[in-house]
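The structure appears below as structure tokens.
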Amino acid sequence: EDLRNNNNNYDNGNYALTSSTHKSLLIAAGCFWCAEQAYEQYAPGVIEVVSGYAGSDGIESPTYRNHPGHYEVILIEYDPNSTSYELLLQYAWRNLDPFDQYGQFCDRGFSYQSALFYANEEEKLIAEQVRSEVLDLHPDWDNESVVVPLLERPFFWRAEGYHQDYYIKNPWNYEYYKERCGRTKRLKKVWGEEQYNCYHDLELTCFNKTAVNEDGVSIEAVVNVKNAPEESGKVRGAPVWGIIVAVVFAVGVLCLLVVGFMTPSCKKKLSIEEGKDESVVEKEAADLP
């Protein structure tokens with residue numbers, strides 16, 4: 001059965017919103033682990049963020065190992081009384097590299113390319129407006145060099161369970177990957193340190209701890225609904241799996257070296273023993289009458 005043709009809420013795909021009063025939007029900003037963390041921790045009014053796959057030309061029932069035609073995306077469930085589609089798009093721009101058409105940060109390939117999606121004509125107009133505002137703020141940017149497409153929203157396929165809340169369940173591995181991938185460093189270079197910090201601040205200092213909802217009302221902002229610990233900011237060493245692989249590899253090399261060292265010695269010893277045997281035989285033959 002094709003879920004895309006039998007789902008009452010096409011936009012949310014095979015994910016069910018936690019409340020009928022909530023809305024959702026879809027963005028592709030590279031690795032979905034990082035995009036999920038950015039929204040769940042720092043964006044106001046966010047209820048839940050789900051990692052998944054989406055693409056108008058993608059296959060049905062994609063998986064992490066097999067998702068041709070799909071972007072890695074996040075579905076952001078939000079409360080329209082606490083935030084808005086427009087505001088969350090502003091956060092989307094500050095969490096991607098708008099000049100990279102081949103992927104995002106260290107990740108290459110179609111599935112890691114960026115894209116912002118709209119579900120209807122109203123959202124399309126808002127998305128175009130936000131894009132224009134971003135360009136107005138950066139007059140030195142060439143319009144043609146900003147390669148983030150605005151696309152009609154495709155069906156959303158939820159990713160495997162081990163991808164969900166990865167930054168919470170595997171903080172060491174996650175921070176190691178994010179730091180080595182250069183995501184934060186590149187975002188600060190593109191948007192500037194000040195602007196990056198404004199959109200990655202639990203206190204929302206730049207916004208006076210407020211957010212404008214879809215009715216245009218300014219309210220007290222609520223972020224980090226999962227109460228996830230803030231990133232350590234430290235440069236992480238190799239993750240647990242990396243250490244295990246390194247140890248196993250080192251032990252394997254050591255074993256090969258030991259075997260390689262012992263083999264010539266054994267051969268030499270065997271040769272000596274064989275030489276002794278031959279000498280004994282020759283001596284005994286010489287003693288015969």
With the contact rule set at Cα under 8 Å and sequence spacing of 6 or more, what percent relative contact order holds for segment 37-78? 45 percent
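Just to confirm a number: summing +1 for Lys and Arg and -1 for Asp and Glu over residues other than residue 226 whose beta-carbon lies under 11 angstrom from that of residue 226, what do you get? Before the final figure, lay out each step's value.
Details: positive: none; negative: 36, 40, 48, 165.
With Lys, Arg at +1 and Asp, Glu at -1, the neighbours total -4.
Once you have the Cα-Cα distance between residue 215 and residue 144, take 0.36 nm times their residue separation minus that, and quote the gain in nm to one decimal. Working shown, then result.
On the way: separation 71, 0.36 × 71 = 25.56 nm, distance 3.33 nm.
Contour length minus the Cα-Cα distance gives 22.2 nm.
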For residue 205, tell me the accessible area in Å² from a 1.4 Å probe, rounded to the nearest 10. 90 Å²
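The values are calculated or read from the model by the stated rules, or taken from the named source; none is laboratory data. For clarity, every value in this text was computed on a predicted model and none was experimentally measured. Cβ: placed from backbone, ideal geometry, glycine included. Neighbour counts: every protein chain shown. Ligands, DNA and RNA are excluded from the accessible area calculation, which covers all protein heavy atoms including side chains. Shrake-Rupley method; radii C 1.70, N 1.55, O 1.52, S 1.80 Å.
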